[in-house]
Each structure stands twice: as C-alpha cells, then as structure tokens.
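The values are calculated or read from the model by the stated rules, or taken from the named source; none is laboratory data. All figures in this text were calculated on a predicted structure; none of them were measured in a lab. Cβ: placed from backbone, ideal geometry, glycine included. Neighbour counts: every protein chain shown. Accessible surface is based on the protein model in full, side chains and every heavy atom, while ligands, DNA and RNA are left aside. Shrake-Rupley method; radii C 1.70, N 1.55, O 1.52, S 1.80 Å.
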Amino acid sequence: MSHMPPLPFVRPAAVAGRHFSTVIVGAGINGVGVFRDLSLQGVDCLIVDKGDFSAGASSAPSRMIHGGLRYLESGSFSLVAESTRERNLLLRNAPHLVQPLKTVVPLSSFFGGLMSSALKFFGRTPPQRTRGLLAVAAGLRLYDLLGRRQRVMPNHRISRVQPADRQLFRSAVRWTATFFDAWISHPEWLVLELIRDACRDEPRSVATNHCRVMGCAGKTLTLRDETTGETVCVTADTVVNASGAWLDLSTALFGGVVPRVMGTKGSHLVLNHPALRDALEGRMAYFEALDGRVCIVYPFLDRVLVGSTDIPVDDPDQIATEPAEVDYLLEVLGEVFPNLAFGHSDVVYTYVGVRPLARSDADKPGQISRDHSVVVDPPSASCEVPVVGLVGGKWTTFRALAEEATDEVLHLLGRNRTASTRQLPIGGGAGMPQGAQATQRFIERIAQDSGLSPERAQALLARYGSQALRMAQGLQVAGDVPLQHAPGYSVAEIAYLCTDTGVIHLDDLVIRRTLLAIRGLVTDASLAEVAGIAAQALGWDAERETRELHNCATALRERHGVRLASAAPGTEAAPVSPASLTIQPALSPS
C-alpha cells in the first residue's frame with residue numbers, strides 16, 4: 001500500500017501546545033486563500049473557523065465568478081480590471097468547477113440611463129432610470145477592455161431581440177446585449193481543495209473547523225472546540241483575521257481597531273422551473289428590476305438560480321431569507337418574464353449570506369465599494385503578535401487579496417515570497433482535459449479503469465475534476481452502490497466525504513460537501529439515509545444520529561426553506577454530546 005499523506009483536517013486537541021508561524025481566523029474563501037498562499041511559501045499555518053469551512057458568506061454567493069460590470073458606474077476601474085483578470089485565471093486554474101457563463105442583458109430604450117450613469121460616476125445619487133443601449137454598450141466596451149488580460153472568452157455584442165427572446169422577455173425589450181462572465185458549480189468544494197493543496201505543499205499546516213478563538217494573551221491563543229467544549233492553547237508569530245462580516249468582533253479579541261466593516265445580506269432562490277430553465281438556453285439574464293435594483297437569473301445545474309437582495313444587517317449570525325424577500329424576487333421574475341408563472345411552490349431552496357463590506361456612509365447598499373484592503377494592527381497590551389486584517393473582498397478576487405495579505409505576513413515574518421499562485425491549478429483543476437474530445441476520452445478512461453458506467457464517470461468528473469479517476473477506482477473497490485433516495489451519490493462516496501473532508505455535523509455534509517440541498521433533492525427519506533451512512537462512518541451512536549438528523553432538518557426548514565416534515569412535538573435541538581469521534585481513513589483523491 002502506498003503511503004498516504006496525513007489528512008489536513010484535525011480537531012483542536014491535535015494542535016494543543018503547538019506553535020505556528022501564522023494562525024488564520026476564518027476559513028472562508030479569503031482566509032483559505034491566504035492559507036494556501038502562505039503554505040506554498042513554506043509557512044506553517046493553522047486555520048480555524050467557529051463554524052464549518054466556508055459556512056458563512058463563502059457558501060452563499062450568487063455562484064458567479066465575475067468582473068463586476070456595474071462597478072464601472074462608480075469609477076471602480078481598478079477593481080473591475082482585477083476582478084476580470086482573476087475571473088480569467090479561475091477559468092484556467094479551476095476549469096472543473098468554474099466555467100464560462102453567457103449573459104444576456106435585455107434593453108428597452110436607446111438613451112436611458114446616460115445621465116444616471118454620469119451622476120453615479122461623479123458620486124451623486126441619481127433618480128432610478130433603466131439603462132439603455134448606449135449606456136450598456138459603453139460599459140461593455142470598457143468591460144471587455146479591462147478584462148483583456150488572460151482572456152479566454154469572446155467580446156460582447158448587441159443585436160435586435162430574437163424571436164425566442166421576444167417571447168421570453170417583457171414586450172418593451174427591443175435589443176439584447178450579450179457578454180461572458182463565469183459561474184462556479186460548487187464553491188464550498190473549491191475551498192476544501194485549496195485546503196488540501198495547502199497541506200500538500202506544507203505538511204505542517206493544518207485546518208480545524210467548529211473551533212472558536214476565545215482570546216489572545218501574549219503570543220498564546222486560546223481555542224475552544226465547539227463540539228466538545230474543550231479548550232486548548234497554541235502560540236503564533238502572526239495572526240491573520242479573515243473572519244469577513246465578523247471581522248470587528250474578532251478584532252476586538254486581539255485589541256485591534258474597530259469598526260472597519262459593515263454587512264449587507266444577499267438572499268437567493270433556487271427554483272425547479274423547467275420552462276424558464278429551457279428558455280434561458282444556458283444563459284444568465286442580467287437585468288434591472290423596475291425599482292432599479294440589479295438582479296440575475298441563470299440555469300444552475302438542473303435548477304434556476306435567482307438573486308439577489310442587498311439589505312444592511314447588524315448581526316451576521318442572525319440572518320435568514322425573509323418571506324418578503326422571496327415575494328420580491330418572485331415578483332421581479334414576473335416583471336421580466338411576463339409569459340411565465342412563478343409561485344412559492346417553485347422554490348426548492350433559499351440561502352443567504354452577509355457581504356463583508358468596508359464601512360461606508362453610502363446612501364444605498366449597492367453604492368458601497370466591493371473593493372478590498374489589508375490592514376495591520378500592531379502588537380497590543382493584550383496580544384503580542386501583529387494581526388493582519390482582511391477588509392472587504394469578494395469571491396472572484398480571493399486569490400489577489402490572499403496574495404496581498406500573504407506578502408504582508410511574509411514581511412512581518414522576515415521571509416521572502418518563493419512562488420506565485422497566479423498560474424497554479426486548484427485541486428482537480430490540475431490535469432483537466434481540454435476540449436470536448438479530450439474530455440470524452442478521459443471519461444471513457446475513468447469508466448474503463450474503474451468499471452463504473454460512463455454516466456457515473458461523467459458525474460464524478462464534474463464534481464472532482466481530474467481527481468475523479470482515483471475517486472472512481474476507490475469507489476469501485478468499495479462497491480459503488482447508489483443511494484436509494486438520492487441515486488446521484490453512492491454510499492461509498494458519502495462515507496468518503498464524511499471521513500476525509502472534515503465533516504463534524506450532518507449539515508456540513510448535506511449542505512456543503514454535496515449538492516443535494518441546493519438542488520432541492522433532500523427529502524425526509526434521503527436525509528435519514530445519509531444520516532445513517534454518516535453515523536456509521538463517523539462512529540455516532542443512536543442518540544447522536546438522532547440529534548444530528550433533527551438539527552440538520554431544522555436548519556434546512558428554517559434557514560433554507562426546504563419542505564421537510566416538522567419535528568415531533570416535544571423534540572428540541574440539543575448540543576452535540578462531547579463523545580469523541582472515531583475517524584477512519586477512507587478514499588482519498590490526493
């Protein structure tokens with residue numbers, strides 16, 4: 001048997017008493033980006049998160065990888081240039097998860113929005129006015145120009161509305177503008193791949209979830225295992241605060257400067273609406289509602305994703321998609337696509353995240369800059385290590401922000417950069433076949449080497465990229481028996497996800513390690529089936545399994561609008577017992 005590298009996912013007890021060059025607080029996409037970049041430089045890092053990996057805003061984006069076309073109106077040219085460059089790099093470095101997205105903008109007027117755009121550019125608040133052809137054409141020409149570096153997609157074009165689109169959009173639409181951005185199928189998986197890549201490059205680096213930083217005294221950080229309640233201590237030379245919308249709360253623990261951030265929540269709907277999905281023909285519709293708010297709708301796997309709202313919030317831990325937000329987004333769909341009917345029964349999943357924006361006095365949430373910055377709090381009376389803070393940032397630009405933060409940490413450690421992440425493939429993006437013919441040959445190879453069907457091989461390739469070959473071989477050995485109630489996954493695949501990807505709770509598995517929840521495929525029966533597999537893989541007793549099942553079902557019902565049976569009367573969620581988990585080694589794609 002070949003030697004397998006140690007798993008990067010550990011419990012806090014495994015790091016008790018250890019010293020790290022850097023401790024990163026917050027395992028969302030920005031924190032994990034820093035973790036990967038620092039580890040690539042040979043810096044030993046610990047990354048912790050009070051919840052699951054990417055469980056905050058990083059698991060709740062519009063799943064777009066985009067340059068930010070609308071940021072041009074506020075004059076954020078450098079942000080758009082950076083965003084379009086990073087979009088193009090992600091298309092190259094993670095082609096298994098990030099793919100081009102053809103986008104259509106319905107246009108009803110010729111001159112509309114010219115004065116509004118000019119007023120926004122000069123920092124004024126204009127009256128709401130739908131943008132017309134000239135304003136959009138000018139914006140798209142500049143968008144193409146700023147995104148020319150590393151470009152792999154066509155430039156925009158504008159044409160008269162086609163007959164099929166005349167039936168799709170409202171009757172006032174006369175032209176459509178078409179351009180390309182990108183989308184990501186499973187952002188939570190990319191986060192896990194970055195963690196794996198980091199620990200491959202620097203085996204001393206480790207990651208732990210459901211672990212809260214309680215404070216800092218001198219160079220000692222106290223951590224609490226949120227599963228067992230156990231506290232442990234580690235020491236560090238530097239700290240990176242990548243806690244997003246929770247930045248100010250975390251900064252206060254280290255005696256740093258607050259406030260620096262503010263949050264706005266973005267709610268999204270996932271619809272089971274075949275008519276709309278087919279009519280979109282693989283494109284995203286990018287449009288303004290009648291109230292001037294920008295909205296998007298595009299085919300997401302076998303569903304349709306709709307977003308989003310932009311509402312200021314004070315407490316990022318107390319958010320949910322409100323009924324009024326669902327009503328608003330459904331109403332907007334009815335405005336834009338008047339020949340189709342939309343109702344609450346079409347909604348199979350909702351999700352919401354808090355955007356970590358730099359504090360601003362802008363009149364409206366949409367006017368707040370989406371740019372990012374890196375700040376440093378020097379050692380204080382309570383905390384004797386410098387704290388590097390990540391302010392703002394968005395999914396598309398995580399690599400660039402991580403690069404900036406890494407350079408700052410390296411400077412504090414007195415070390416030099418030795419490698420760049422710019423051209424570095426991520427996880428299963430390394431060795432991905434290029435083009436349809438090469439992809440088909442790779443699928444056939446997976447099927448031939450593993451004995452799995454070509455259809456199953458194709459599904460694994462879409463999830464795991466080039467790692468699908470090793471995955472398929474391991475699944476075949478384990479017996480790739482489909483789940484009875486969700487046959488797109490197998491028993492062995494679910495067991496692998498449990499033991500090899502840092503799963504602690506059932507919702508980690510159902511909501512973030514798989515696409516079952518967001519695709520609206522979770523039923524009472526499938527949830528119970530998956531819970532049974534998780535219990536066996538992770539050594540849960542019957543009481544723990546019941547508790548996990550109840551807590552996950554409650555989260556799906558109350559936070560994500562999933563229609564599951566209500567809990568039995570008198571049944572209440574309880575904290576997980578402090579029983580230790582037995583993690584058995586299973587399949588590994590690395």
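A few notes on this one:
- Here Gly56, Gly42 are screened, and the one residue that is surrounded by fewer than 21 Cβ atoms within 10 Å (Cβ to Cβ) and either aliphatic (A, V, I, L, M) or within 30 Å of Leu413 (Cβ to Cβ) (or both) is Gly42.
- Residues (touching a residue at least 40 places away in the same chain (Cβ under 8 Å) and closer than 13 Å to Gly215 by Cβ) located in the stretch 237-255: Val239, Ser250, Thr251, Leu253, Phe254, Gly255
- Index of the failed condition, Met284 passing every other in (1) in contact with a Ser or Thr (Cβ under 6 Å, 6 or more places away or on another chain); (2) without any contact (Cβ under 8 Å) to a residue 24 or more places away in the chain: (2)
- Being among the β-branched types (Val, Ile, Thr) and over 15 Å from Val332 (Cβ atoms) is a description that does not apply to Val297.
- Looking only at residues in the stretch 334-346 that are modelled with pLDDT of 95 or more and part of a helix (DSSP H, G or I), the one that is least open to solvent (accessible area, probe 1.4 Å) is Asp346.
- Some residue of the stretch 555-567 being over 28 Å from Asp317 (Cα atoms), modelled with pLDDT of 50 or more and of a type in the set (A, V, I, L, M, F, W, C): no
- Leading residue by the ranking (surrounded by the most Cβ atoms within 10 Å (Cβ to Cβ)) among those in the stretch 406-449 that are farther than 16 Å from Leu194 by Cα and in contact with a strand residue (DSSP E or B) (Cβ under 9 Å, 6 or more places away or on another chain): Val409
- Out of Ala55, Ala60, sole residue that is under 27 Å from Arg519 (Cβ atoms), out of contact with any Gly (no Cβ under 7 Å at 6 or more places or on another chain) and touching a residue at least 24 places away in the same chain (Cβ under 8 Å): Ala55
- Criterion violated by Gly263 - all others in (1) at pLDDT below 95; (2) assigned to a helix (DSSP H, G or I) satisfied: (2)
- Pick from the stretch 199-236, criterion among the charged types (D, E, K, R) and in contact with a helix residue (DSSP H, G or I) (Cβ under 6 Å, 6 or more places away or on another chain), ranking: most open to solvent (accessible area, probe 1.4 Å): Asp201
- Scan of the stretch 450-482 for residues that are under 22 Å from Gln99 (Cα atoms), open to solvent by 40 Å² or more (accessible area, probe 1.4 Å) and among the aliphatic types (A, V, I, L, M), ordered by number: Ala462
- Neighbours by Cβ (under 6 Å, 6+ apart or cross-chain): first from the stretch 526-552, closer than 17 Å to Ser490 by Cβ; second among the hydroxyl-bearing types (Ser, Thr, Tyr): Ala537/Thr499
- Some residue of the stretch 515-538 being crowded, with 21+ Cβ neighbours inside 10 Å, of a type in the set (S, T, N, Q), under 25 Å from the mean Cα position of the chain (by Cα) and at pLDDT 95 or above: no
- Hits in the stretch 173-187 - residues which are open to solvent by less than 50 Å² (accessible area, probe 1.4 Å) and either among the polar types (S, T, N, Q) or part of a loop (DSSP other than H, G, I, E, B) (or both): Val173, Thr176, Thr178, Ser185, His186
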